[in-house]
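Visitor: My structure is below; once you've seen it, I'll send some questions.
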Amino acid sequence: MRPDALVQYQKLRNYLSNSLKREIIITSDGSTTIHLPDWNEQYHSKHGAIQEAYHVFIKNGLYPSKELKSLNILEIGFGTGLNCLITFLEAKKIELTVNYTGVEAYPVKEEEIHKLNYVQELDADELLDDFNKMHRTKWNKKFHLSPQFSLLKREQCFDQIEDTNSFHLIYFDAFGARVQPELWTVSIFQKMYNALQEKGILVTYAAKGSVRRAMQEVGFRVERLPGPPGKREMLRATKISNL
């Protein structure tokens with residue numbers, strides 16, 4: 001990272017960690033999320049954090065890709081670890097091998113993680129230790145949660161991603177375009193397109209026309225799909241190089 005960019009990153013990280021008010025709230029399905037009242041934004045849908053994760057990333061991302069038997073997944077916005085936890089749970093059920101990479105510029109604090117109720121709401125007490133390990137494992141070092149599931153957490157800004165033909169599936173779960181429009185641009189989706197293997201897919205809760213057009217501009221074939229509770233639509237994009 002360039003020195004000037006590093007200074008800006010450190011300033012924003014300090015702001016998000018210490019200056020921006022953060023609250024743990026209960027969403028409509030009983031699961032928790034982190035709410036940022038100054039932005040009127042949260043890490044997951046207030047209409048149901050777990051319901052949103054299952055609908056967007058599992059039903060419309062993981063399960064359509066499961067015939068590959070071994071998946072390389074990139075999550076844009078590791079955040080609370082909810083999507084990783086649910087993917088770990090579902091991958092065990094369908095005997096799927098997963099290499100999971102979660103990118104996060106501003107890691108969630110440990111004291112906030114302890115206040116999240118995902119393990120209890122998923123009725124998966126046997127995964128409590130695994131959930132804690134997801135957050136305690138070192139950044140930028142691959143860790144095996146099981147023989148079939150590896151996790152690599154990368155602490156970096158999204159515009160620093162330079163992977164090429166590496167992933168079958170991307171969970172794009174960044175903060176919304178209303179508060180961080182720079183994360184939903186042509187330049188970011190070009191990086192996502194480059195990071196995917198041919199016929200790889202990207203799924204996101206977003207459905208704005210500007211987001212869809214940015215995806216199409218870099219070459220994605222984009223589908224509008226029914227959205228999770230509280231949203232009419234979501235987007236799924238597929239990398240097809242010969243379009």
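The values are calculated or read from the model by the stated rules, or taken from the named source; none is laboratory data. The structure presented is a predicted model; accordingly, all values stated were derived computationally and were not measured. Neighbour counts run over all protein chains shown; Cβ positions are idealised from the backbone, glycine included. All accessible areas refer to the heavy atoms of the entire protein, side chains included, with ligands and DNA or RNA removed. Shrake-Rupley method; radii C 1.70, N 1.55, O 1.52, S 1.80 Å.
Visitor: Charges at C-beta only: +1 for Lys and Arg, -1 for Asp and Glu. How large is the resulting dipole of the chain about its Cα centre, in Debye rounded to 20?
Guide: On the way: 32 positive and 30 negative charges, 117 e Å.
About 560 debye.
Visitor: Still on this model: Please work out the FRET efficiency for the pair Asn140 and Arg232, using the Cβ-Cβ distance as r and a Förster radius of 35 Å; give the result to the nearest 0.05.
Guide: Working: r = 38 Å, r/R0 = 1.09.
The computed FRET efficiency comes out at 0.35.
Visitor: Which net charge results for the neighbourhood of Phe220, defined as the other residues with beta-carbon distances under 11 angstrom from its beta-carbon, given Lys and Arg at +1 and Asp and Glu at -1? Don't jump to the answer; show the numbers that get you there.
Guide: On the way: positive: Arg212, Arg213, Arg221, Arg236, Lys239; negative: Glu217, Glu223.
Net local charge, Phe220 excluded: +3.
Visitor: Summing +1 for each Lys or Arg and -1 for each Asp or Glu, what net charge is found among the other residues whose Cβ lies under 10 Å from the Cβ of Arg178?
Guide: So the surrounding residues net to 0.
Visitor: I've got another one for you. Out of the trypsin sites (Lys or Arg not before Pro) in region 128-185, which ones are loop residues according to DSSP with at most 16 other C-beta atoms within 10 Å? Walk me through the numbers before you get to the answer.
Guide: Values: sites: Lys133, Arg136, Lys138, Lys141, Lys142, Lys153, Arg154, Arg178; in loops: Lys138, Lys141, Lys142, Arg178.
In loop regions of region 128-185 (DSSP not H, G, I, E or B), the sparsely surrounded trypsin sites (Lys or Arg not before Pro) are Lys138, Lys141, Lys142, Arg178.
Visitor: Restricting to Cα pairs below 8 Å that are 6+ residues apart, what does the relative contact order work out to for the chain? Please round to a whole percent.
Guide: Relative contact order here is 18 percent.
Visitor: Can you give the percent of C-alpha pairs in the chain whose distance is more than 25 Å?
Guide: That tail contains 39 percent of the Cα-Cα pairs.
Visitor: Also, quick follow-up: As an exercise, use a Förster radius of 25 Å and the Cβ-Cβ distance of Asp29 and Lys59 to find the FRET efficiency, rounded to the nearest 0.05.
Guide: Efficiency at R0 = 25 Å is approximately 0.95.
Visitor: Within the chain, what whole-number % of the accessible surface is contributed by carbon and sulfur, with the 1.4 Å probe and all protein chains included in the calculation? It would help to have the intermediate numbers written out before the result.
Guide: Numbers: 5400 of 11370 Å².
Answer for the chain is 48 percent, counting heavy atoms of protein chains only.
Visitor: Please work out the average accessible area per residue across region 52-119, using the 1.4 Å probe convention, and give it in Å².
Guide: Numbers: 2270 Å² over 68 residues.
On a per-residue basis, region 52-119 sits at 33 Å².
Visitor: What number comes out for the charge environment of Ile113, summing +1 per Lys or Arg and -1 per Asp or Glu over other residues with Cβ under 15 Å away? Please report the intermediate quantities before stating the final value.
Guide: Numbers: positive: Arg22, Lys109, Lys115, Lys133, Arg136, Lys153; negative: Glu23, Glu104, Glu110, Glu111, Glu112, Glu121, Asp129, Asp130.
Residues near Ile113 contribute -2 overall.
Visitor: At 7 Å along the Cα-to-beta-carbon direction for both Lys93 and His47, put a label point, then send me their distance in nm to one decimal.
Guide: 2.2 nm
Visitor: For a Förster distance of 35 Å, can you work out the FRET efficiency between the beta-carbons of Asn117 and Ile240, rounded to the nearest 0.05?
Guide: That pair, Asn117 with Ile240, gives E of 0.30.
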